[in-house]
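S.K.: My questions all concern the structure below.
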Amino acid sequence: MATLKSVFISLIFLFFVPSTVASPPQQPLLMKGKQALYQRVLSKPGAHFFQEIDQGKSKPATPFSVYYVYSRTVKNGSSWLQLGQNRHGVLAGWMPETDTIPWNQGLTVAFRDPLGSDRVLLFNEKTNLKKLLTNNDKALYKQLYQAAEAGKLDADSPVVAIQPRTHVDILKDFYLVPIRDHEDIYIGNEQARMLQVSSVPLLPYQPPTEKTKAKAPADNANIKPFRSAVVFVIDSTLSMDPYIDRTREAVRKIYDTITKEDLTGDVSFGLIAFRDNPQAVPDLDYLTHTYVDLHQGQDAEGFFNQVTSLKAATVSSRDFSEDSYAGVNEAIAGINWEGQDARYVVLITDAGPREAGDPLSGTGMSSAALRRLAQNKGIALSVLHLLTPSIMADHTKAEETYRDLSYYPGIGSFYFGVETGNVERFGRVLDALAQQITEQVKLAAMATVGKSMAEERQAKEKQDDQQEEPDQLAQFQAKVAKLGYALRMRYLQQQDKEQIPSVFSAWLVDRDISNPQRQTLDVRVLLSRDQLSDLHSIMRQVLVTAEEGLLSPRNFLNDLKSLAATIARDPEQLGTTTRVTGAREGNLADMGFMREYIEDLPYTGEVMSLSLDNWQDWPARDQISFINRLEEKINYYQVLHDHTDLWVSLDGGPVSGDSVFPLALEMLP
């Protein structure tokens, strides 16, 4: 038995021997004036970590990775940052501040295609840009623009760079242009925003030289042939046989032209048939069926060998709506589009779609989500809507939805309504579309051998083909021609591809100064694949909990706003800012940090502008519509997560949870 003396000695030992209990983890530095937002930075390409300031062997950092700032110090006149992988005290090392960019919000911009419009000018100071816009000085703008376009900017010019002439697709040639500051302003009657941005190309920017500008014709001969692909998504339900036959006829005509022009293999056709949910009507046999892929459709024999068995169903679907979205989604996700410079999906149907929320929908996606997915893959959607007479058809509602589905930024909607479903009219439109696409391939082939494109011949229809519906057909053809021209320009300029200028802390405006109605950029949020998965899971949980009646309207809206604010500010904290996740703190509104999360954000999503009063004043149908839109976004997240070809691995490795995607702001809650 222990003596009283030994117990007393043990107690003394416990009190006076230094404790081995670990100290609380170090915390990152807070942003100025904030109580919950930490300082974060992005690593520039070429940045390195040091275990001690400017000492020892350095370790390269993955470009564009986000780090938390734990400490700042100055040594030998240079500022250094101690950075951490997360906010829980896991340190990564020291990095020169010059190798980082402040990342106080997750927003970045992607430049739109400048074809046919002015390119964006980047200014050295906000005051210079603001003065130009406030004074509406068109003469000065023209002078600055011409100098920038000619590459003759002098040291005194307020313009330091201009958007590349060729379109840099953020999904193909990844870059970041983080937003650091902003100020609202009007250009004429249009509200705009001046943005302070940092431009971060993946590779060091190299301005074009006289040598790189001068391209010999022989250089063009080495460009791979311009390839175009068209996938028809055709309704194969009852009574569609005449349209199926006419589609075959149109494709046969094009193959004849391709053969004569020696373009075999440069234009490829695919065909997917869709019906409706076979669980509701088993005799429909299938929901979607791919009859021809783009490899099989490189020549006429391969195409027609596969479509001989294509026939319309012999039974009716459950109602007049059919799952056309399932067919379009299969064309986007199930077809191998690799190597195709121009990508078209042509939907042919006489029925309205099954939208998200329809229990028979095979995709659970809305027209907006499906369109966004197609654009992510560089696919242009067209809809040939057969307005067949039927007491069950709601063609007006279907037209509105299909116009939205087929909208292409900067050009318009590729929707064509065929009155009365007339097979002859349908055939003329289909012939015009297919011939124009083939003509684009021919024009690109001519240009690669040095022939001038200044006098391009656009595809034309005979006069009798336009007598009955000149406006609609002519407008439709003009849009196809405009899109084809843009795609050919990207193809022909591929060897002259420019990068986003390596300019830091520049100012720009988000609208075209010469045409303020045109927006010059899209706002995106950089998310990792794991973060998107977390967002999907939490949003699903919020909706399920709300539907079960466990969340009051106030808590429901606060949880959604917490999600939207967190994803725009710091996606790493997704799991700790929403009540339904079980976090002890509750959501941002409960914690009192909502305002500091949303203030200073130049752009916010739909949820941020919604108040409890708005929600309670809405009729039930509007509330249900809002919830359906959230459900559509959840479904989109899942589809996007599974499209591994869209994700960017910053370290050059295989796609993983750390791979990133620039998600469009409108697809957030």
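S.K.: Tell me, what is the percent relative contact order of segment 228-495, built from C-alpha pairs under 8 Å that lie six or more residues apart?
M.R.: 18 percent
S.K.: Moving on to the next point. Only sites in a loop by DSSP and with at most 13 other Cβ atoms within 10 Å count here; which trypsin sites (Lys or Arg not before Pro) in segment 44-109 make the cut?
M.R.: Taking segment 44-109 and a limit of 13 other Cβ atoms within 10 Å, the loop trypsin sites (Lys or Arg not before Pro) found are K57.
S.K.: Let me ask something additional. For the Cα atoms of the chain, what angle does the longest principal axis make with the long axis of helix 324-334, in degrees from 0 to 90, nearest 10?
M.R.: Tilt of helix 324-334: around 70 degrees.
S.K.: Measuring from label point to label point, each 7 Å out along Cα→Cβ, what is the A474 to Q191 span in nm?
M.R.: Between A474 and Q191, the label points sit 3.8 nm apart.
S.K.: Right, here's the next one. Using DSSP to call loops (not H, G, I, E or B), can you name the trypsin sites (Lys or Arg not before Pro) in segment 528-632 whose Cβ has at most 11 other Cβ atoms within 10 angstrom?
M.R.: Filter output for segment 528-632: R584.
S.K.: Helix 529-547 sits at what angle to the longest principal axis of the chain, using alpha carbons and giving 0 to 90 degrees rounded to 10?
M.R.: Long axis of 529-547 versus the principal axis of the chain: about 90 degrees.
S.K.: Given only helices, namely DSSP H runs of n ≥ 4 each adding -39500 (n - 2.57), what is the per-residue ellipticity at 222 nm of the chain, to the nearest 500 deg cm²/dmol?
M.R.: -10500 deg cm²/dmol
S.K.: Using the charge dipole of the chain (Lys, Arg: +1 at Cβ; Asp, Glu: -1 at Cβ; taken about the Cα centre), state which of G586, A398, Y491 has its Cα farthest towards the positive end.
M.R.: Checked the options; the winner is G586.
S.K.: Taking other Cβ within 10 Å of each residue's Cβ, how do Y141, Y186, Y67 sort, fewest first?
M.R.: Y186, Y141, Y67
S.K.: Past the 28 Å Cα-Cα mark, which pairs from K224/K482; K172/K224; K397/K442; K126/K479; K224/K377; K126/K152?
M.R.: K397/K442; K126/K479
S.K.: Would you order V281, V383 from fewest to most other beta-carbon atoms within 10 Å of each residue's own beta-carbon?
M.R.: The order, fewest Cβ neighbours first, is V281, V383.
S.K.: Mind giving me the FRET efficiency for D156 and N136? R0 is 22 Å, r the Cβ-Cβ distance, nearest 0.05 is fine.
M.R.: 0.50
S.K.: Hey, another quick one. How high is the relative contact order of the chain, in percent, counting Cα pairs under 8 Å that sit 6 or more residues apart?
M.R.: 15 percent
S.K.: Quick check for me: using +1 on Lys/Arg Cβ and -1 on Asp/Glu Cβ, what's the dipole size of segment 94-148 about its Cα centre, in debye to the nearest 20?
M.R.: It works out to roughly 340 debye.
S.K.: At a 10 Å Cβ-Cβ cut-off, how would you order K253, K142, K152, fewest neighbours first?
M.R.: The order, fewest Cβ neighbours first, is K152, K142, K253.
S.K.: Can you tell me the 0 to 90 degree angle between the C-alpha axis of helix 138-149 and the longest principal axis of the chain, rounded to 10?
M.R.: Once rounded, the angle reads 90 degrees.
S.K.: Another question, then. Averaging the inverse of every distinct alpha carbon separation and then flipping it gives the Kirkwood radius. What is it for segment 228-495, in angstrom units?
M.R.: Evaluated over segment 228-495, this radius sits at 18.7 Å.
S.K.: Students often get this wrong, so try it: which of [x] 1.11; [y] 0.94; [z] 1.03 is Cα Rg over 2.2 N^0.38 Å as calculated from the structure shown?
M.R.: So the structure-derived entry is [x].
S.K.: How high is the FRET efficiency between N86 and Q638 when r is their beta carbon distance and R₀ equals 22 Å, given to the nearest 0.05?
M.R.: 0.30
S.K.: As an exercise, use a Förster radius of 30 Å and the Cβ-Cβ distance of Q35 and Q541 to find the FRET efficiency, rounded to the nearest 0.05.
M.R.: That gives a FRET efficiency of 0.65.
Every read-out reported here was derived from the displayed coordinates using simple, explicitly stated rules and does not represent laboratory data. It should be emphasised that the depicted structure is a prediction, and the values quoted were computed from it without experimental measurement. So basically every Cβ, Gly included, is an ideal-geometry build from the backbone, and we count neighbours across all protein chains shown.
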